[in-house]
Amino acid sequence: MSKMTKDHSLGFLQRVLKHLALIIGSIIMVIPFVWMFTTAFKPEVEVLIWPPKLLPKAPTYQNFIDLFRQAPFFRYFMNSVLISGISTISILMISLVGGFIFSKYRFPGKNFLFTVLIVTAIVPFESYVIPLYTTMVKWGWINTYRGIIAPYLVMSFGIFLLRQHIGSTISDELMDAARIDGCSEFGILTRIVLPLSKSSGGALGIFAFTQAWIAFMWPLLLANKKEMFNMEIGLTMFQYRFSTNYSLLMAGSVISVVPMIIIFVVLRRQIIESISLTGLKG
Amino acid sequence: MQGLRLRKYSPYERSRILFCYVMLLPIFALFFVLRIWPIIRTFWMSLFDWNLIGRNHSFIGLDNYAMLFQDPQFLLSMKNTFLYAGASVALCFVISLPIAMVLAKKMRFSPFYQAIYFLPFITPLVPMSVAWKWIYDPMYGILNYILSIFGMPSVGWLIYPNVAIWALIIMNVWKNLGYNIVLLMVGLRNISPVYYEAASIDGAYGWKKFQYITWPLLKPMILYVVVTSTINAFNVFTQVYVMTLGSQAAPGRAVRVLLYDIYENAFRYFRLGYASAEAVILTIIVIALTVVQFKYIKSEV
């Protein structure tokens with residue numbers, strides 16, 4: 001891996017070529033973003049010209065003003081925040097408790113219950129959406145927040161992740177010491193396990209939040225009223241109404257992409273590490 | 001029976017077991033309502049002629065499955081889904097492996113490149129689908145412009161379903177490239193340099209090293225990446241819905257994939273039993289892929 005190249009000039013040429021290839025690749029990767037951003041700031045007349053120009057001649061904010069006038073994007077945004085927020089909190093709590101119990105205790109039926117969790121992790125959500133939908137119809141939960149949020153309250157992967165983490169960071173001796181000091185089982189959970197699970201809890205939190213944020217088929221089924229749309233559905237419906245007004249559509253795309261890009265830029269290392277972590281378990 | 005077994009435990013252990021059950025009860029109640037029961041119900045409903053309208057659901061055994069395999073729409077969506085998954089996973093892997101091999105070594109700007117390649121993976125699908133729709137625009141899109149620079153004719157990317165599926169595949173490769181790269185890098189970095197040093201002493205170089213060290217030791221990670229990407233690709237829906245449906249979500253130009261066919265049968269035509277049978281087939285495919293992976297990893301370790 002760290003072997004020195006004997007011929008330095010050859011090594012240099014190789015390095016230049018590698019960087020050149022990687023830079024060309026990077027440009028291809030970012031073109032869709034750049035194209036989206038620059039179009040969002042073009043006046044409509046500049047969009048439909050041939051040959052296309054990358055940068056707007058007369059940049060304008062007008063598209064963003066029109067966007068919020070045409071559809072309640074702020075409401076969509078807040079809906080997404082609400083759905084993702086509640087989903088994340090619920091998944092974190094459940095995964096902490098579930099991961100703790102499955103890693104540190106033995107009880108009859110443990111293997112059976114764990115197998116059940118594995119099955120729910122394998123079967124894709126979209127394949128059992130039909131009975132879930134009929135249940136929501138029966139309960140009258142269509143067009144309600146509780147109906148949209150419900151399927152995102154649990155995530156078996158979260159339990160696996162925290163089970164692994166707690167199993168490797170918290171020793172039985174530590175738990176016994178706490179018990180001798182008079183700590184209850186529940187106290188162990190809140191006073192020892194919770195503070196020591198912050199790092200993997202953070203990774204799981206990011207994962208859960210994005211998963212709920214990009215939810216599509218379920219909110220598409222459940223939300224029939226504008227007021228209940230999340231960002232993804234709001235933008236989808238918006239693009240049917242303004243299918244040819246690309247500058248307006250790109251403005252809509254920009255505002256739904258920017259929060260995620262900001263999160264990524266700030267938490268880049270943690271996000272990439274948490275993805276590698278899930279791969280390592282494989 | 002449970003009580004009988006519990007008698008083996010000391011009172012101390014018994015209270016701990018009780019603690020476990022009390023903590024797990026609400027969790028499994030949620031899992032039951034939101035996951036387990038719907039999974040069971042899907043299998044059950046697939047055996048019925050079940051419509052949303054009308055109350056009488058008649059038991060028809062495996063008739064839904066028999067009908068499916070004669071339904072041209074379903075067969076087309078299976079064909080498309082397999083093509084979509086196969087082509088995008090293969091392309092993505094072939095492109096990502098050399099990039100991962102370069103980035104896994106110590107080099108300048110490696111984290112920077114990683115971030116750039118990874119960016120599409122974390123951006124939400126709908127806005128990016130809208131952006132790609134604009135890239136693919138037959139009249140003013142940037143892709144046809146780039147093709148025209150090289151003297152190639154314009155392509156109506158999203159107009160014909162048999163072309164549009166390749167447009168979806170290209171976008172999927174773009175989106176998942178970073179995911180493949182990051183995981184393959186993890187796999188590559190886990191290969192101990194000792195192997196390479198030993199091979200160098202034995203006079204092995206470039207391709208030989210790859211063939212005898214990198215490839216066999218990377219195999220489990222390759223399998224993991226390929227299986228998870230394939231499962232992901234089988235669940236393609238959002239892009240199809242945003243990019244290939246006409247105005248007001250008219251299915252005229254839709255690229256028919258499995259989830260879209262399920263969606264249409266269940267929620268446009270309300271043929272719930274029939275759509276459930278399709279969902280069961282999707283489940284079986286995904287489980288088969290997962291089993292292959294587990295079997296392989298077990299046999300390796």
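Side notes on the structure shown:
- Helices (runs of 4 or more DSSP H) wholly inside the range A:3-78 containing at least 3 residues that are within 24 Å of residue B:99 (Cβ to Cβ) and of a type outside the set (Ser, Thr, Tyr): A:8-40
Results for (1) at pLDDT 95 or above; (2) in a loop (DSSP other than H, G, I, E, B), shown as yes or no for each residue.
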{"position": "A:134", "(1), (2)": "no, no"}
{"position": "A:146", "(1), (2)": "yes, no"}
{"position": "A:157", "(1), (2)": "no, no"}
{"position": "A:162", "(1), (2)": "no, no"}
{"position": "A:167", "(1), (2)": "no, no"}
{"position": "A:175", "(1), (2)": "no, no"}
{"position": "A:179", "(1), (2)": "no, no"}
{"position": "A:182", "(1), (2)": "no, yes"}
{"position": "A:188", "(1), (2)": "no, no"}
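- Residue in the range B:277-288 that is modelled with pLDDT of 95 or more, of a type outside the set (A, V, I, L, M, F, W, C) and in the same structural domain as residue B:223 (by TED's automatic domain parsing) present: yes
- Answer from B:236, B:155, B:225 - the residue that is away from chain A (no Cβ under 11 Å) and among the β-branched types (Val, Ile, Thr): B:155
- The condition (being hydrophobic (A, V, I, L, M, F, W, C) and touching a Ser or Thr at 6+ places or on another chain (Cβ under 6 Å)) is satisfied by just one residue among B:167, B:198, B:233, B:204: B:233.
- Selection within the range A:177-216 - free of Cβ contacts under 8 Å to residues at least 12 places away in the same chain and more than 24 Å from residue A:114 (Cβ to Cβ): A:177, A:179, A:180, A:181, A:182, A:183, A:184, A:187, A:195, A:198
- Some residue of the range A:183-204 being among the β-branched types (Val, Ile, Thr) and surrounded by fewer than 18 Cβ atoms within 10 Å (Cβ to Cβ): yes
- The helices (runs of 4 or more DSSP H) found wholly in the range B:192-301 and carrying at least 1 residues that are under 22 Å from residue B:169 (Cβ atoms) occupy B:215-234, B:258-267, B:272-300.
- Any hit, the range B:135-144, residues being of a type outside the set (Ser, Thr, Tyr) and surrounded by fewer than 18 Cβ atoms within 10 Å (Cβ to Cβ): yes
- Residue list for the range A:213-251, filter: more than 7 Å from chain B (Cβ to nearest Cβ), in a helix (DSSP H, G or I) and over 19 Å from the mean Cα position of the chain (by Cα): A:222, A:226, A:227, A:228, A:237, A:238, A:241, A:247, A:248, A:251
- Candidate set from the range A:82-129 (those that are in contact with a Leu (Cβ under 8 Å, 6 or more places away or on another chain) and not in a helix (DSSP H, G or I)); member that is surrounded by the most Cβ atoms within 10 Å (Cβ to Cβ): A:124
- Any hit, the range A:68-90, residues being within 11 Å of chain B (Cβ to nearest Cβ), modelled with pLDDT of 95 or more and closer than 20 Å to residue A:167 by Cα: no
Every residue, every condition in (1) without any contact (Cβ under 8 Å) to a residue 12 or more places away in the chain; (2) closer than 18 Å to residue A:258 by Cα; (3) within 7 Å of another protein chain (Cβ to nearest Cβ); (4) crowded, with 17+ Cβ neighbours inside 10 Å, yes or no:
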{"site": "B:109", "(1), (2), (3), (4)": "yes, no, no, no"}
{"site": "B:112", "(1), (2), (3), (4)": "yes, no, no, no"}
{"site": "B:117", "(1), (2), (3), (4)": "no, yes, yes, yes"}
{"site": "B:126", "(1), (2), (3), (4)": "no, yes, yes, yes"}
{"site": "B:131", "(1), (2), (3), (4)": "yes, yes, yes, yes"}
{"site": "B:150", "(1), (2), (3), (4)": "yes, no, no, no"}
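- Restricting the range A:149-168 to residues that are crowded, with 20+ Cβ neighbours inside 10 Å and aromatic (Phe, Trp, Tyr), the residue that is farthest from the other protein chains (Cβ to nearest Cβ) is A:160.
- Selection from the range B:223-258 of residues that are more than 25 Å from residue B:181 (Cα to Cα), free of Cβ contacts under 8 Å to residues at least 60 places away in the same chain and crowded, with 18+ Cβ neighbours inside 10 Å: B:241, B:245
- Checking each residue in the range B:284-297 for being away from every other protein chain (no Cβ under 11 Å) and under 17 Å from residue A:115 (Cα atoms) picks out only B:295.
The values are calculated or read from the model by the stated rules, or taken from the named source; none is laboratory data. Predicted model, so just to flag it, every value in this text is computed and none were measured. Virtual Cβ from ideal backbone geometry, glycine too; neighbours counted across all protein chains shown.
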